[in-house]
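The values are calculated or read from the model by the stated rules, or taken from the named source; none is laboratory data. Keep in mind the model is a prediction, meaning the values are calculated, not measured. Please note: Cβ atoms are built from the backbone with ideal geometry, for glycine as well, and neighbour counts cover all protein chains shown.
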Amino acid sequence: MPVVNKLAPYAGILVFLAVWEAGVRVFKVPTYLMPPPSAVAVVFVNEFPKLLFHGWVTTYEMLLGYAMAVAIAIPLAIAITASQRFDRFVTPQMLFFQVVPKVAIAPLFLVWFGVGTTPKVLVAFLISFFPIVIDASVGLRSMSSEMRDLARSMGASRWQVFAQFRLPTSLPYLFSGLKVAATLAVAGAVVGEFVGADKGLGYLLLVTNSNMETALMFATIVALTIIGLVFFYAVEFLEALLIPWHVTHRVREDAGTM
Amino acid sequence: MRIIVGLMALLLAAPVFAQQKLEKFPFRLNWTLYGEHAPFFVARDKGFYAAEGLEVEIQEGSGSTTVAQLVANSTSPVAYVDAATMMRGVTNGMPVKAVGVTLQQSPMAFIYRADAARPTKISEIKGSRIAITAGDASLAIFTAFMGKLGMKLEDVQMITVANPASKEQAVLAKQADALLGYFMDQGPRMQLQTGVKMGWTRLYDMAGVTTLSSAIIANNSWSQDAKNQDLLRRFLRASQRGWQYSFENRAEAAEIFRKAAPVFTQEIALLEVDGTMTIIRTERTKGKPIGWSDIGDWKDSQDLLSTFAKLNPQSDLNVYFTNQFLSEAPYLPKK
């Protein structure tokens, strides 16, 4: 039974691919609309060096944007939760920048920063920044007052309360923000490349679409999906390392033993 | 005003027609407005479409690939698309066909700032930064161009941007050396809009590379229908008439076009119309009706694209085009 459970997701994917392949062949779907998965696989292997080159460009932009978002969002969240005045000062503007659609301002970045790495990193940054700030602030506010009173009564300093109580309680919230942001960062880098680029998977998507090389286009989408998934699970792995005590992990273990 | 006069003339000429409602006919262009489109506006404003019982709605497009996709999925059953781009679509299974080829030589050119002119000759191409708009007509012919010169696309630094304006901005801001565009479109227009002096070199002049260019294409299943065939014949006849009229009355065509595209000055619009009218026929189609294309030119285009741009050649060239819906001069409505 457990083996069957483990294989279930793979079987699901295989069935999906088989249906796709059969559908394209039976209904003779023209290649400009949808290539069969076998053709995509062949192209994926044949064009792997190209995908790797462009994939690395996109990964690099995404990681840089994400790292910037984390580096700025977390201190900002701490400042927001520490001072109500700062919160009132900064939150409306942050919200304003979040509400402006990134796709709409991305063309401006092209004019300001050219076609290099900078505009892509900035879009990835902008798009992944907000969920981290919000979730980190909620997390930092989530410590109960009883917990604080307890810590204080045991003689903890302000710093100790923060470092040993407030920060750890915020981690589960922070990580849900980090995970959402991880999936958004990939999209951000690709949006940046769509607007103007000379390399990267977003560039490859546009060129292949333009040339009607649908198989390579699908292979590019597969590559993007892989990058997104790997990044997401890397963050989740980090989460499991840092907060193994958290309820989401406990629940899963319980379910496993039942 | 002109429309009203046109309509009144129509009313006087054909009182029986008076109560007949015009049939709506959407027609999507390949691109944002430029001088090449003037003849369609002429056909509309001079009442040529109305005389055929049509109310043509001229819509802008965002690149031949994208527009060809809209034709393939029947969103816009009839549209204006680059022929080379359409050929690539047809070989990939798009159910579309050219029903009239208005530009029969390629106007594709490198367009650059005059103060940083590059590439002006073959030796300058390698390493140049070339901006293109993803989904427009340039990639198919540029690939063939590079192939014919023994180079690959990777030999230039190709910058793709998402919308028509961005490739112009990239060149103006010197983030790209040149853009791929039409010699009678971007060059004069950018000069006009920004005051920056522009220069251009046609791919044809550099390496003799040309293909059939802008064409009116239609969705195959749409054009199977007898009623649509009749619509298409009338639309093409009036369009041919508009092109003929524009050919003979360049200044008036430019003037009419400017009513739809007020950013153009008369000088630039006229320059674009004049440039357009130099490439509406090939050696083979001299003396033929406007839009009529020769199978030999389709063969040449296919040979070029299949040799140098990985186009999968079709044994039957008639999958690309048909002349059957076109009319003979003087393109007047049938009574």
**Prompt:** Within the stretch B:182-191, is even one residue on the phi < 0 side of the Ramachandran plot and within 14 Å of chain A (Cβ to nearest Cβ)?
**Reply:** no
**Prompt:** Considering only helices (runs of 4 or more DSSP H) fully contained in the stretch A:113-220, which possess at least 1 residues that are within 12 Å of chain B (Cβ to nearest Cβ) and buried (at least 24 other Cβ atoms within 10 Å of the Cβ)?
**Reply:** A:117-140, A:167-195, A:201-210
**Message:** Can you report the number of residues in the stretch B:138-159 which are more than 8 Å from every other protein chain (Cβ to nearest Cβ) and out of contact with any Phe, Trp or Tyr (no Cβ under 6 Å at 6 or more places or on another chain)?
**Reply:** 13
**Prompt:** Taking the stretch B:67-77 on its own, how many of its residues are more than 14 Å from B:GLY93 (Cα to Cα), buried (at least 21 other Cβ atoms within 10 Å of the Cβ) and either touching a helix residue (DSSP H, G or I) at 6+ places or on another chain (Cβ under 7 Å) or not aliphatic (A, V, I, L, M) (or both)?
**Reply:** 2
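Within the stretch B:119-137, take every residue that is within 9 Å of chain A (Cβ to nearest Cβ) and either of a type in the set (A, V, I, L, M, F, W, C) or part of a helix (DSSP H, G or I) (or both) and give me the one that is nearest to A:ASN209 (Cα to Cα).
B:ALA134
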**Request:** Filter the stretch B:170-189 down to residues that are of a type in the set (A, V, I, L, M) and surrounded by fewer than 23 Cβ atoms within 10 Å (Cβ to Cβ) and give me whichever is nearest to the chain's Cα centre (by Cα).
**Result:** B:LEU172
**Complete:** Picked from the stretch B:99-118 (must be part of a loop (DSSP other than H, G, I, E, B) and within 21 Å of the chain's Cα centre (by Cα)), the residue surrounded by the fewest Cβ atoms within 10 Å (Cβ to Cβ) is B:GLN105
**Request:** Go through the stretch B:10-42 and give me each residue that's out of contact with any strand residue (DSSP E or B) (no Cβ under 6 Å at 6 or more places or on another chain) and either modelled with pLDDT under 55 or among the charged types (D, E, K, R) (or both).
**Result:** B:LEU10, B:LEU11, B:LEU12, B:ALA13, B:ALA14, B:PRO15, B:VAL16, B:PHE17, B:ALA18, B:GLN19, B:LYS21, B:GLU36
**Prompt:** What are the residues in the stretch B:160-175 that are within 8 Å of another protein chain (Cβ to nearest Cβ) and assigned to a loop (DSSP other than H, G, I, E, B), if any?
**Reply:** B:ALA162, B:ASN163, B:ALA173, B:GLN175
**Asked** So B:ASP136 fits all but one of (1) among the charged types (D, E, K, R); (2) within 21 Å of the chain's Cα centre (by Cα); (3) over 30 Å from B:ASN312 (Cβ atoms); what number is the exception?
**Response** (3)
**Message:** Please determine whether any residue of the stretch B:177-187 is aromatic (Phe, Trp, Tyr) and in a strand (DSSP E or B).
**Reply:** yes
**Item:** Top-ranked residue of the stretch B:79-89 - restricted to ones that are touching a residue at least 40 places away in the same chain (Cβ under 8 Å) and at the interface with chain A (Cβ under 9 Å from one of its Cβ atoms), ranked as surrounded by the fewest Cβ atoms within 10 Å (Cβ to Cβ)
**Value:** B:ARG88
**Asked** Going by the conditions given, is A:PHE231 more than 9 Å from chain B (Cβ to nearest Cβ), of a type in the set (Phe, Trp, Tyr) and within 27 Å of A:SER38 (Cα to Cα)?
**Response** yes
